[in-house]
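Here is the structure we will look at.
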Amino acid sequence: MADLVGLTPRSIRYYEEIGLLEPAARSEGAYRLYDADDVARLRFIKGLRDDAGFSLAEIGQLLEDETARAANRVRFRASRRPAERRAVLLDGMARIDRQVATLRAKIARLQAMIDAADERRDHLEGHLRGLTTEARTGTSDRGGDQSGGAGR
């Protein structure tokens, strides 16, 4: 399983310990047994962690909300009572709002990182423009930046 999803066995056990993954069934020899849903969940967790940079706490919250939304779907379809159906819908909307807030916060953190990188690039471009001007005019600004480096 670890090789299949690209995780270490220890990571998988840890995900079970902290509740991101349901404890696996066990064979007679005490080996963990996983099904296709477990594989999909582990790939999803790995993608959120590695590709999107979510913390395990954020992943846990997203997974909890998805599990609750699935349960709400069943409750909604099973009920004919308007008050219960309304409560299920409101809970589902609150969970989606929380997911959106988590995703927007991630976007904001990434945008801040992009903005900082753009600023560093702009700073270097300023140095490059200065060198280009010096080369054209044959002058050097010796009274400028004495930091000795081209970056921040």
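Quick note: the coordinates plus some simple rules give every number you see, no bench work behind them. Since the model is a prediction, treat every value here as computed from it, not as a measurement. No Cβ is skipped: glycine too gets one built from the backbone with ideal geometry, and neighbour counts run over all protein chains shown.
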Tell me what the chain gives for mean residue ellipticity at 222 nm when only DSSP H runs of n ≥ 4 count, each as -39,500 (n - 2.57), the sum divided by the residue total, rounded to 500 deg cm²/dmol. -23500 deg cm²/dmol
For each of LEU62, LEU103, count neighbouring Cβ atoms within 10 Å of the residue's Cβ, then give the residues from fewest to most. LEU103, LEU62
Over the chain, what is the relative contact order in whole percent, taking alpha-carbon pairs under 8 Å and six or more residues apart? 13 percent
Using mean Cβ contacts within 10 Å as the protection proxy, how do 105-113, 19-27 order, highest first? 19-27, 105-113
Using θ = phi - 60° and the Karplus relation 6.51 cos²θ - 1.76 cosθ + 1.60, list the HN-Hα couplings for segment 97-111 in order, rounded to whole Hz, with x at every Gly or Pro. 4, 5, 4, 4, 4, 4, 5, 5, 5, 5, 4, 4, 5, 5, 5
Treating the beta-carbon of each Lys and Arg as +1 and of each Asp and Glu as -1, no other charges, what is the dipole magnitude of segment 33-123 about its Cα centre, to the nearest 20 debye? 640 debye
Would you grab the residues whose amide H sits under 5 Å from the one on PHE54? Only those 5+ places off in sequence or on another chain, please, with H modelled 1.01 Å from N. ARG49
Which label in (1) 72; (2) 68; (3) 56 gives the computed percent of Cα pairs over 18 Å apart: (1)
Kirkwood hydrodynamic radius for segment 55-136: how many Å is it when counted over pairs of different Cα atoms? 16.5 Å
Net charge contributed by nearby residues that have their C-beta within less than 12 Å of ALA101 (K/R +1, D/E -1): +1
Which cross-chain or sequence-distant (5 or more) residues have an amide H under 5 Å from the amide H of LEU21, H modelled 1.01 Å from N in plane? GLU16
Kindly state, to the nearest 0.05, the FRET efficiency for LEU56 paired with LEU131, given R0 = 30 Å and r defined as their beta-carbon distance. 0.05
Rounded, prolate or oblate: pick one for segment 1-80, where a ≥ b ≥ c are the square roots of the eigenvalues of its C-alpha gyration tensor, a/c under 1.5 means rounded, and failing that, prolate if a/b is larger than b/c, else oblate. oblate
The answer for GluC sites (Glu not before Pro) in segment 1-32 that fall in a DSSP coil and have at most 12 neighbouring Cβ atoms within 10 Å is GLU28
